[in-house]
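The values are calculated or read from the model by the stated rules, or taken from the named source; none is laboratory data. Please read these numbers as outputs of a predicted model, since none were measured by experiment. Cβ placement follows ideal geometry from the backbone for every residue including glycine, while neighbour counts extend to all protein chains displayed. The area values use the complete protein model at the heavy-atom level, side chains included, leaving out ligands, DNA and RNA. Shrake-Rupley method; radii C 1.70, N 1.55, O 1.52, S 1.80 Å.
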Amino acid sequence: MARATVFVNGNPCGKGEYGYLGFRADATAFLLPGTNVVEVKCDTRQLKSRWYPGGGLYRPVRRVETDNVYVEDDSLRIETEDVLSGTARLKVEGVVANRRVGDAKGRVTVRVKDADGCVVATEDESLAVESFADEDFDLELKVKNPKLWEMKPGAYLYSLEVSLSGADFSDTIVRRIGFRDFRFDAAKGFFLNGRRVQLKGVDLHSDLGPLGMAFDRDAMRRQLEVMVDMGANALRTSHNCP
């Protein structure tokens, strides 16, 4: 926070103006054989806020390495429908990027695995991506008798695996997903999986007490567990993205 710029070998290759949102910088064009230097610089000199939101890096910085043909992980859109009908429909959309000279032909495969790691649904499609271009994919899967996600500790989760394969490239992204149906009724309130649930929430700002703005997974887990012990089952995040 705030105004972060990523430099690779002294060349700016990406920028994030807002400290609460993540961003990705594509370093490919700036890499050299051998050793490379990556710098992330933050500028808080023009920062304006009602409170001091911290300065510098307080979120993880990661290097993501892929083949020149890969799935844009920020492009994944996962939507569940008809989860109470006995056979849930799962729509998976995304983008495959080709960042090399020459067209790329491959296959996208989507698998849904239950909590035991067994495949419960799979679908695939072939695609061709032109040189230095992107190509969308759109797949629909059906999961019979899905175990539903509930608002309770240990709620059931599935794994969604999106794999891309070709003659000389591959990529895999895994996401945890849950099947649930929810709606808001103006007269009766919130319904989850067909049953009314009373929301008991608290307001949560982006800080961890004496730890400040730096995110710590164990500290956040403790904070959430304390709120659950208080009887909370929902939270309202503050004005920034959580």
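Eigenvalues of the Cα gyration tensor times 5, then square-rooted: what semi-axes does that give for the range 98-155, in whole angstrom, largest first?
Ellipsoid half-lengths, sorted descending, are 34, 13, 10 Å.
Between A133 and D229, what is 0.36 nm times their sequence separation minus the Cα-Cα distance? Round to one decimal in nm.
29.5 nm
Per 5 Å bin, what is the whole-percent P(r) computed from every C-alpha pair distance within the range 1-129?
2, 7, 13, 14, 14, 13, 12, 11, 8, 5, 1, 0
Find how much the distance from V119 to R236 grows on full extension, using 0.36 nm per residue of separation minus their present alpha carbon separation; answer in nm with one decimal.
38.6 nm
For a quick check of understanding: with a 1.4 angstrom probe and all protein chains in place, what accessible area in square angstrom does R89 have, to the nearest ten?
60 Å²
May I ask for the equivalent-ellipsoid semi-axes of the range 159-242, computed as the square root of five times each C-alpha gyration tensor eigenvalue and listed largest first in whole Å?
Semi-axes from the Cα gyration tensor: 32, 24, 12 Å.
What does a probe at I78 reach in the range 199-242, counting residues whose amide N is under 17 Å from the point 7 Å along Cα→Cβ?
none
Determine the relative contact order of the range 31-121: mean sequence separation of Cα pairs under 8 Å and six or more apart, normalised by residue count, in whole percent.
Computed value for the range 31-121: 18 percent relative contact order.
Taking 21 Å as the cut-off for C-alpha to C-alpha distance, list the pairs among K113/K144; K144/K188; K142/K188; K91/K200; K15/K41 that go past it.
K144/K188; K142/K188; K91/K200
If you plug each phi of the range 38-43 into the Karplus form 6.51 cos²θ - 1.76 cosθ + 1.60 with θ = phi - 60°, what whole-Hz ³J(HN,Hα) values come out, in order, with x for Gly and Pro?
Once θ is set to phi - 60°, the couplings for the range 38-43 become 10, 10, 10, 10, 10, 10 Hz.
Alpha carbons only, please: Rg and Dmax for the chain, in angstrom.
Over the chain's Cα set, Rg and Dmax evaluate to 21.6, 65 Å.
Using all alpha carbons of the range 194-234, what is the percent of pairwise distances in each 5 Å bin, ordered from the shortest bin to the longest?
Over the range 194-234, the share of Cα pairs per 5 Å bin runs 6, 20, 25, 21, 14, 6, 5, 2, 0 percent.
Karplus couplings for the range 118-126 from phi (6.51 cos²θ - 1.76 cosθ + 1.60, θ = phi - 60°), rounded to Hz, Gly and Pro as x?
Once rounded to whole Hz, the list reads 7, 6, 10, 6, 8, 7, 8, 8, 8.
Apply the Karplus parameterisation 6.51 cos²θ - 1.76 cosθ + 1.60, with θ equal to phi minus 60°, to every residue of the range 152-164 and state each ³J(HN,Hα) to the nearest whole Hz, in sequence, with x for glycine and proline.
7, x, x, 4, 6, 10, 9, 10, 10, 10, 10, 10, 10
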